[in-house]
1. Any idea which residue in the range B:43-69 is nearest to the chain's Cα centre (by Cα), counting only those that are closer than 11 Å to B:Leu119 by Cα and acidic (Asp, Glu)?
2. Given B:Tyr69, B:Tyr138, which one is closer than 14 Å to A:Asp134 by Cα and at pLDDT 95 or above?
3. List the number of the failed condition for B:Pro26; all other conditions in (1) at pLDDT 70 or above; (2) under 23 Å from A:Ile132 (Cβ atoms) hold.
4. Can you name the condition, by its number, that B:Ala108 falls short on among (1) at the interface with another protein chain (Cβ under 7 Å from one of its Cβ atoms); (2) closer than 24 Å to A:Pro98 by Cα; (3) surrounded by fewer than 16 Cβ atoms within 10 Å (Cβ to Cβ)?
5. Wholly within the range A:62-167, which strands (runs of 3 or more DSSP E) include no fewer than the required count, namely at least 1 residues that are under 22 Å from A:Ser17 (Cα atoms) and among the hydroxyl-bearing types (Ser, Thr, Tyr)?
6. Please verify whether B:Lys89 is surrounded by fewer than 18 Cβ atoms within 10 Å (Cβ to Cβ) and more than 12 Å from chain A (Cβ to nearest Cβ), treating the condition exactly as stated.
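The values are calculated or read from the model by the stated rules, or taken from the named source; none is laboratory data. The model shown is predicted, which means the values in this text are computed figures rather than measured ones. Every residue, glycine as well, gets a Cβ built from its backbone with ideal geometry; the counts of neighbours run over all protein chains shown.
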2 protein chains.
Amino acid sequence: MDDETLFTFRPIGILHSPYRQRIDAPHQGTVTEGTASGAAAEATLELADWVDTRALQDLDGFSHLWLIYALHRSEGWRCTVKPPRGGPKRGVLATRAPHRPNPIGLSAVELLAVEGRKLNLRGVDLLNATPILDIKPYVPYADAFPEARAGWIDALDQTTGKLFAPGPRKPREEEPTSD
Amino acid sequence: MDDETLFTFRPIGILHSPYRQRIDAPHQGTVTEGTASGAAAEATLELADWVDTRALQDLDGFSHLWLIYALHRSEGWRCTVKPPRGGPKRGVLATRAPHRPNPIGLSAVELLAVEGRKLNLRGVDLLNATPILDIKPYVPYADAFPEARAGWIDALDQTTGKLFAPGPRKPREEEPTSD
């Protein structure tokens, strides 16, 4: 393949979230254990001026959205990472860690309301000021596979008896691993 | 927000699929009605040379993956689009149409096997030669919301008695709408 073709994207919006730094945020938005509030975080997505608000039309009937975003605090990538659940290092593409070849994030969030250029959201694991590249409606027939097997994550959860990633750790020195 | 910050990504791989043009491909990978074979399409994802294969380690235990990719055939965006299910124009961000402000695609696909730098996949709606920007494991606790409400799509499906987007149309002149 032609490795030299690059794709450039301009943020369509910015996310305002209560999580100021990585140690504050849960590893997934569905996990709230250990966060400051202990509840699913609410956040606001503000559409950029260059995107006509008509693009948001009809979005208010969806209970969930996908956010695709730039992991803007990511500082380079590595082949393998040590996940916060424990266990050995894993191939980065078999994790949701931010240290990816392309630092792109994906999260399903709850849509509470659309107010003009603003989306009110709940269940967010994004850091404050995250640049949003795309918003898509969550469509169960294409997106929901509750019986999907999750490899090393299932195996580790069976061992530990937990069913989700750990919450954020207490603030401490920046450390390189993530889920 | 600062609208001038751009994010540039280099493909981590390329997808080899049986769908040569848009009229051949289903509107979602879970829909096979109307495709040439009538079966879920198999495809191969080949990792780019610049990505170490160790990044794929541990991926083989997952039954499903997310592909995030460039909609490389997209020719600009519009605020509203007319979906193939029928009904009026909808805000583009309330659809999965390719004519998005940032032409980024998202598909959940089945992982059949990992063979060196190649992933064998099933249930693919991507066109041949699609540049892949990221691969993520599908993790049900974060990604599966089978009860999510799907706004205008649910409403239209109730009216028509169908539960999914139509399959591809017979080859004909390029037309601008999609789901």
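1. Checked the range B:43-69; the qualifying residue nearest to the chain's Cα centre (by Cα) is B:Glu46.
2. Testing whether each residue is closer than 14 Å to A:Asp134 by Cα and at pLDDT 95 or above leaves just B:Tyr69.
3. Every listed condition holds for B:Pro26 apart from (2).
4. B:Ala108 satisfies all of (1) at the interface with another protein chain (Cβ under 7 Å from one of its Cβ atoms); (2) closer than 24 Å to A:Pro98 by Cα; (3) surrounded by fewer than 16 Cβ atoms within 10 Å (Cβ to Cβ) except (3).
5. Correct list: A:64-70, A:104-115, A:130-137.
6. Numbers: surrounded by fewer than 18 Cβ atoms within 10 Å (Cβ to Cβ): yes; more than 12 Å from chain A (Cβ to nearest Cβ): no.
For B:Lys89, the condition - surrounded by fewer than 18 Cβ atoms within 10 Å (Cβ to Cβ) and more than 12 Å from chain A (Cβ to nearest Cβ) - is not met.
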